[in-house]
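**Q** Below is a structure I'd like to ask you about.
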Amino acid sequence: MSLKKAVTIEIVVILSIATFLLPGGDDLYHFYLPFAHGCLDCGFAPYHASWMLYPMTFIQPRLLWPVWTLVTLLSLLWASHRLNTNALLLLLTFPAIGQVWLGQVDALLVIGLVLALLSPNPYVRGTGLVLASIKPQVTGVAILVIWRHELERWKTLLVPLVVLLISLLVWGWNWPLRWLFARNEPPLHVWRLATLFPYGLLTFLALFWLKDKPRQVQGALLASSLGMPFYGTYSYIVFLVFLAPWWAVPVSYLWFIGYPWYGNEAMRFAWILPMSLSVYLLWPLLLEKYKATFSFQVEP
């Protein structure tokens, strides 16, 4: 076993054990578990997400956070393996720590996106789109990008359409509008201060520069983190699964520099991470454009 794998497994074990000994999992217990039990006003995800979260209701509450932590970490390892990214770097980032500490559910988004991108079966890809739809502010644009590149669009759309139809029968034809315009918005929280909405919406223009599907998906996820409202810093883990160079680890903690002056509100500067990764993603294209514009041929 390589040193990298050994350290990665050690991190998974340490974090899993820590959930038995330390306080945490607040979002899991206060929002997602009641939501999974059917209290649709207790959470902030679309109503159909309660079906995907329902399995957590079978786990004893005192064991739920440790079990969910293990599910989250193993999901991230699986996704990193499928995407050929560095799982060790991913687990060392601040958003990964935030996912575990709060008991967030973005691992399901990651699983969904990987399935939607890599599965050879269109119906499995459609199931992946449903999983990814748990947090539309995080993955909504990326879902549209994936579907736009689909070769079997209607087969892939079948599962999402069936889920939508059943949800309309269960909660009424207008539940998406009731959910969208509900007043039970997530409380203003330091984890959501880093979004640059509405000015960050301009970052979606980068999608016109990115031509191939993988980079467009990465660009959509990065732009969403900068431009969408109600976006939590812990959800950065979704784009880090796809794009995590070594320097993303220290940059993910860079907002701590402002802690002595701003306290927890220094997290508003966490946008530095997705912004720097956006530049990193676009830089080769900008450099190529620059060379094509200013290069010239010297006649012999």
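The values are calculated or read from the model by the stated rules, or taken from the named source; none is laboratory data. Just so it is clear, the structure is predicted and the values come from calculations on it, not from any experiment. Every residue, glycine as well, gets a Cβ built from its backbone with ideal geometry; the counts of neighbours run over all protein chains shown.
**Q** Could you grab the pairs with beta carbons closer than 6 Å, sequence gap of 6+ or different chains, first residue in segment 184-195 and modelled with pLDDT of 80 or more and part of a loop (DSSP other than H, G, I, E, B), second one of a type outside the set (A, V, I, L, M, F, W, C) and surrounded by 13 or more Cβ atoms within 10 Å (Cβ to Cβ)?
**A** Qualifying pairs under 6 Å: Leu193/Arg268; Ala194/Thr233; Ala194/Arg268; Thr195/Tyr231.
**Q** Only one residue in Ala49, Ala45 is crowded, with 18+ Cβ neighbours inside 10 Å, within 19 Å of Gly25 (Cβ to Cβ) and in contact with a Pro (Cβ under 9 Å, 6 or more places away or on another chain). Which one?
**A** Ala45
**Q** I'm told Trp246 meets every condition in (1) outside any helix (DSSP H, G or I); (2) out of contact with any Leu (no Cβ under 8 Å at 6 or more places or on another chain) except one. Can you identify the failing condition by its number?
**A** The one condition Trp246 does not meet is (2).
**Q** For segment 42-114, which helices (runs of 4 or more DSSP H) that fit wholly inside it have 1 or more residues that are more than 23 Å from Phe239 (Cα to Cα)?
**A** It comes to 49-53, 61-83.
**Q** Tally up the residues in segment 123-163 that are part of a helix (DSSP H, G or I) and buried (at least 17 other Cβ atoms within 10 Å of the Cβ), please.
**A** 22
**Q** What pairs come up if the first residue lies in segment 281-295 and is closer than 21 Å to Ala244 by Cβ, the second is modelled with pLDDT of 70 or more and not in a helix (DSSP H, G or I), and their beta carbons are under 7 Å apart, counting only those six or more places apart or on different chains?
**A** Pairs found: Leu281/Leu243; Leu282/Trp209; Leu285/Trp209.
**Q** Another one. Taking segment 117-131, which residues are closer than 16 Å to Val238 by Cβ and without any contact (Cβ under 8 Å) to a residue 40 or more places away in the chain?
**A** Answer for segment 117-131, where residues must be closer than 16 Å to Val238 by Cβ and without any contact (Cβ under 8 Å) to a residue 40 or more places away in the chain: Leu118, Gly128, Leu129.
**Q** Can you name the residue in segment 27-42 that is touching a helix residue (DSSP H, G or I) at 6+ places or on another chain (Cβ under 9 Å) and under 21 Å from Val110 (Cβ atoms) and is also surrounded by the most Cβ atoms within 10 Å (Cβ to Cβ) among such residues?
**A** Step by step, filter segment 27-42, then rank; the result is Tyr32.
**Q** Return the only residue of Gly219, Gly263 being crowded, with 17+ Cβ neighbours inside 10 Å and part of a helix (DSSP H, G or I).
**A** Gly219
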